[in-house]
1. Going residue by residue through the stretch B:267-277, is there one that turns out to be of a type outside the set (Gly, Ala, Ser), within 21 Å of B:Phe73 (Cα to Cα) and touching a strand residue (DSSP E or B) at 6+ places or on another chain (Cβ under 6 Å)?
2. What helices (runs of 4 or more DSSP H), lying completely within the stretch B:26-143, carry at least 2 residues that are buried (at least 22 other Cβ atoms within 10 Å of the Cβ)?
3. Out of all the residues in the stretch A:123-139, is one or more buried (at least 22 other Cβ atoms within 10 Å of the Cβ), closer than 30 Å to B:Leu406 by Cα and within 11 Å of another protein chain (Cβ to nearest Cβ)?
4. Restricting to helices (runs of 4 or more DSSP H) lying wholly in the stretch B:404-496: which have 3 or more residues that are at negative phi and either β-branched (Val, Ile, Thr) or more than 38 Å from the chain's Cα centre (by Cα) (or both)?
5. Given the condition part of a helix (DSSP H, G or I) and closer than 22 Å to A:Arg326 by Cα, answer yes or no: does some residue in the stretch A:266-278 qualify?
6. So, restricting to helices (runs of 4 or more DSSP H) that lie completely within the stretch A:177-261, which ones have at least 3 residues that are within 11 Å of another protein chain (Cβ to nearest Cβ) and over 28 Å from A:Arg134 (Cα atoms)?
7. Quick check on my filter: what residues within the stretch A:279-317 are part of a loop (DSSP other than H, G, I, E, B) and in contact (Cβ under 8 Å) with a residue 12 or more places away in the chain?
8. Inspect all residues belonging to the stretch A:94-115 and state whether any of them is more than 13 Å from chain B (Cβ to nearest Cβ), more than 29 Å from B:Ala471 (Cα to Cα) and among the aliphatic types (A, V, I, L, M).
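The values are calculated or read from the model by the stated rules, or taken from the named source; none is laboratory data. Predicted model, so just to flag it, every value in this text is computed and none were measured. Reconstructed Cβ throughout: ideal geometry from the backbone, glycine too, with neighbour counts over all protein chains shown.
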Amino acid sequence: MSVTRRDVLRILSAGGLVLGAPSVLSRFSEAADPKDPMAPEKIDASELTGLEGKPAPKPAGPPDLAVIEGADPATNTKAAVDMMGGMRRFVSKGDKVVIKPNMGFGNPPEEATTTEPRVVRALAEMALEAGAKRVMIFDNPCHRADIAVEICGMKKALQGLDDTFVFTIRSSRFFREVSIPKGKVLKKTKIAVDILEADTIINAPVAKSHGSAYVSFGMKNWMGAVEERTAWHTLIDLHEAIADIATFIRPKLTVLDATRVLVSGGPGGPGPIKNLKKIVAGTDPLAVDIYGLTLAKWGGSGYRVQDIPHFQHAILRQVGDHRIERMDIRKVAV
Amino acid sequence: MTLRRGFQVAFLLLFVWLLFRAGWPPSAFRVEDGFLRIDPLIGLQAWLASRQWVQAAGIALFMLGLALILGRFFCGWICPFGTLLDVSDRLWHGKAVRKRRWLNDARRLRWLKTAFLLVIAVAALFGQGLAYLLDPICWTTRLFTYAVWPVAAIVGNLGLEGLRPVFEWLGWMGLARADLSQPVFGVYGVLTVFFFTFVFWLGRYQKRFWCRNLCPLGALYGLFARFAIFRRTVGEACDGDGRCHRVCPTGAILSKAERKTDMAECIQCGDCAPACHLNVTRFEPAALSDRSPSSTDLDRRRVLFSVGGGAFLSAWLAFEPGRKLLIDNALRPPGALPETEFLATCVRCGQCVKVCPTHCLQPGGLISGMSAFLSPVAVMRLGPCDPNCNACGGVCPTGAIRHLELSEKPNARIGNAVLDRERCVVWEQGRACLVCDENCPYGAISWKADGADRRPYVDETRCNGCGQCEAACPVPGSAAIRVHVAGQVRLSKGPYPPLPPAERNESGSGYPYF
């Protein structure tokens, strides 16, 4: 049998097609599937412009985001929650409610590194009014826990409320290991038992800048409900881990405290502080965080959504809806 | 229970209560170290050794003045160490007293405690503090701090955890989430337990063996108690039956027939009065002529030996080989006096270690030489020195750590943070981490962007050396940013030079930014 030149060429080309096809095809499918976490084309910087003045697409019912500005943080908070449909929308009778403020630093609230205590007190009062069985307010602080919880003013501010407990958790007996189904770098971690056993979770972060995470709003606040977070800086990607934890801890309401914001120098300060006297409330954790970017020139020059890695990862993990320009954002000054 | 037992139990409970409540926030009256503050031995030593008038010396003189009236009342009625000995002596009570002639002889070893006092006094004149080795209040403070407290915290937390379901069921969530801070002192707790076991064991040979033969504080009180106004008297009717002699816990009643009492040994316990079948024993103001000659055999040889020993020990400690390398090798709490003065004044009682809420203060080993043994060192990796806390200076009985106002504390620098770029996860691995910057309360750490990396830098002019960065650094093992003694500011008096005002730069951008 003789093999002609043509035969050889045929065999080689056919073989090449068969062997090469999968890699070529897979490249097509990859292009169709936005798995690249940093894929920039999905997020448009212009989405953040033109926020103002867009008519609300939904005529009735509570808005997507409530932004209240006023002198008294407690009044602002109550107005924001009322606008979101009232606390009864989130808290049913007999609920175990968790409010997770930021109590991470032994600084007075004027330093803008921790949540304004009056905001938390207003939330606790409303939750109790709505029939909460008890309200648990806690953090796993960065600074020495028992000092931080006193200096940040939370313990004092919440005094006198029945069934309301302000505490810090450091010991591993207050955490339980869970698996994070949607986690990419954080498959398993130990989370505060109070979060796991809560009927209603309310996130009450303070809006501030952050050295390694760029900004610290709602999603970043969940680092205070996790026991082991040093590995987030040394073994796994911090930004991905923040997005992972946000897929697992699902607050019914996020109240972003922008009474005063640490524009840069965060999260521990000292840094320039701007008195915004605002409260941002929403049910969508991602929408609240993304709206938070518009509050100040974070880090000095301001950030866009694509500048914040953990926002990017959160969008890809569908933690919430990031298209706030299409949302019903109601701004009221009280 | 006699009145004295009541006092003893009350004072022991008070001692323990004061010690255990010492922490953050400090009490307004600063009485947590009350027992140490009224200890004349450490007060006088601090005065002599540091050549500075200290408040403690005034209280010491007052207490010795009291001894001129009431004798060694402190030993019998107040001293928590003595109360513990009364308890432990009961363990041997009823069992045959061990016979070992030289250990049983009530008068044979009595001179030792005065010799120890002499050694301490001579060392103090040479500027060395040795009282901590034998002072009973220091030892009791250390026992409860280094040995009892860590165990109590373990037991307490186990109890809290065990009862947690009950608390939760009852809705007592405050208790359900309560957590006792867990200190760890390792070998120093063990050391203290060894010491107390040994002293308790000596009780097999003589009741209150420690108080009779070893305690330099008792010896100091004894020097003045010999002239006490309020003393033991025995009526003419005494028949020399000797019951008082048998019952006396310190051998102050020298023999059966002896009606006079060695008031340097008598601890005013009054146990001899009810023991007297003729009821002629009294404790009342009496003439000095009533006293017995001292029963302490402190002859000239022993005095010379003690003085020489004290001088030799202080010389050894002062010229300790390699001391130049060792000195200042440990971080001291903020407000600590300059090192030499600090070591002369510090009595190693451990009160500052107890009060430190972050457990940053630890008993030091031999890191700065033998003369610094057991003095407090700040171990930042265990916990930082919190800027909201000035508790250690508030409870230092001798003023070795100055009591600083919180506004002045930033200026009393402990040291400087030094960044080890080779180990830093940002510098070396490009990771997202600025935990040191996050935690720094003084704005001494800033970052500069290099590409996507935000790299930390230390501004040592603003660093207080508090160690928040070192404590929080996520690098395993020793931190990639550590506090070193270079840059510490320690003054014996006067205000500290202030830190430059926090200029809020890059990661803090010029203030006010807007």
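1. Yes, that holds for at least one residue.
2. Result: B:34-37, B:40-50, B:55-70, B:80-92, B:111-125, B:136-142.
3. Among the residues of the stretch A:123-139, at least one is buried (at least 22 other Cβ atoms within 10 Å of the Cβ), closer than 30 Å to B:Leu406 by Cα and within 11 Å of another protein chain (Cβ to nearest Cβ), which makes the answer yes.
4. Numbers: elements: B:425-429, B:435-439, B:468-472.
Output list reads B:425-429.
5. Let us first name the residues in the stretch A:266-278 that are part of a helix (DSSP H, G or I), namely none.
No, the conditions are met nowhere in the stretch A:266-278.
6. Working: elements: A:193-197, A:231-234, A:238-248.
Of the helices (runs of 4 or more DSSP H) lying wholly inside the stretch A:177-261, those with at least 3 residues that are within 11 Å of another protein chain (Cβ to nearest Cβ) and over 28 Å from A:Arg134 (Cα atoms) span A:231-234, A:238-248.
7. So the first thing to find is which residues in the stretch A:279-317 are part of a loop (DSSP other than H, G, I, E, B), and the list is A:283-284, A:293-297, A:301-304, A:308, A:317.
Listed by number, the residues that qualify are A:Thr283, A:Asp284, A:Leu293, A:Thr294, A:Leu295, A:Ala296, A:Lys297, A:Tyr303, A:Arg304, A:Ile308, A:Arg317.
8. Scanning the stretch A:94-115, I find no residue that is more than 13 Å from chain B (Cβ to nearest Cβ), more than 29 Å from B:Ala471 (Cα to Cα) and among the aliphatic types (A, V, I, L, M), so the answer is no.
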